[in-house]
Amino acid sequence: MGNEDQPAERASTPSTQDRVTYLRALCRTVPPTVVEWVLANATELAMSQQCEGTLLNADLVGFTSICEEVAAAGPDQLESLTSSLNRLFTRLLEEALFPYGGLVMQFGGDSITALFRGDDHMFRAAAAALSAQKIMQGDDFGLKDAGGKRVFLRVGIAQGTITMPIVGDVVRRALVCAGMTAHRAVTHQHRAAPGTVLADLSLVDRLRDRAKVGETSGDAAVLLDLISWPERQPIPKLPENPGENVEAKIALLE
């Protein structure tokens, strides 16, 4: 007899706990400000949010040339590069950004944008930026070009009102950081020398008694070090129980 006499296999239905586990994993792939709204309201997010805070923008200098060399070297080298990059960003997140309350808003391959808000957001952003540079100084992560030249991080931080519109359509949407504060953070990052942190002059002025500052240029100054440091906090965890309307929340985040 053929297989037609056999009962058709039924697709297993995911359990409630499976869907909750999936929702929690999904939350890790979406900007935290969106996750907060969806978990609390289970409704469509407004097209734009605003908050007062500090934005940190960082990118890797020299990474493009390494990618070009790897592309010519073959898939094995590409796998090694991906592993090195993952190790670098894992350390930056877990040892520099998250302990000082940084919320990752955007990844750009070799760049990252993080938001700091709430009490002492400027102080914590400065600590995160300097911590990131110390991590880079202590490890090359295997990210070197053929001539042995390693990558460096350059960081820009700016404080003020941050606008976060959602762009795209029902097929693909993204949250972006916009407005003058975001513009200054990116501009400072582009102007920063490799291995340094360039910050709003208004920010370093407010941290003057807690920070060591280098050269000033226009509306920005080089942040060298902190005299005192904010307390590092445990990395916040997602709630074990995300509440009701799990399927609606999954759909919104997807």
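The values are calculated or read from the model by the stated rules, or taken from the named source; none is laboratory data. Computed from a prediction, not measured in an experiment: that's the story for all the values here. As a convention, Cβ positions derive from the backbone with ideal geometry for all residues, glycine included, and neighbour counts pool all protein chains shown. Accessible surface is based on the protein model in full, side chains and every heavy atom, while ligands, DNA and RNA are left aside. Shrake-Rupley method; radii C 1.70, N 1.55, O 1.52, S 1.80 Å.
Can you find a residue in the stretch 169-183 that is among the charged types (D, E, K, R), farther than 30 Å from Glu254 by Cβ and within 20 Å of the chain's Cα centre (by Cα)?
No, that holds for no residue.
In the stretch 107-121, what count of residues is obtained for those that are hydroxyl-bearing (Ser, Thr, Tyr) and surrounded by 17 or more Cβ atoms within 10 Å (Cβ to Cβ)?
1
Filter the stretch 112-128 down to residues that are among the aromatic types (Phe, Trp, Tyr) and farther than 10 Å from Leu56 by Cβ, then give me how many there are.
Total satisfying the criteria: 1.
Which residue, of Gly142, Gly148, is over 17 Å from the mean Cα position of the chain (by Cα) and open to solvent by less than 50 Å² (accessible area, probe 1.4 Å)?
The match here is Gly148.
I need the full set of residues from the stretch 220-237 which are in a loop (DSSP other than H, G, I, E, B) and surrounded by 14 or more Cβ atoms within 10 Å (Cβ to Cβ), in order please.
Within the stretch 220-237, Trp229, Pro230, Arg232 qualify.
A quick yes/no check of all residues on (1) open to solvent by less than 30 Å² (accessible area, probe 1.4 Å); (2) in contact with a helix residue (DSSP H, G or I) (Cβ under 9 Å, 6 or more places away or on another chain); (3) of a type outside the set (Gly, Ala, Ser); (4) touching a residue at least 40 places away in the same chain (Cβ under 8 Å):
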position	(1), (2), (3), (4)
Val20	yes, yes, yes, yes
Val35	yes, yes, yes, yes
Thr43	no, yes, yes, yes
Asn57	yes, yes, yes, yes
Glu68	no, no, yes, no
Leu81	yes, yes, yes, yes
Phe89	yes, no, yes, no
Met105	yes, yes, yes, yes
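If we only count helices (runs of 4 or more DSSP H) wholly inside the stretch 110-207, which ones have 1 or more residues that are in contact with a Pro (Cβ under 8 Å, 6 or more places away or on another chain) and among the basic types (Lys, Arg)?
Counting at least 1 such residues, we get 121-138.
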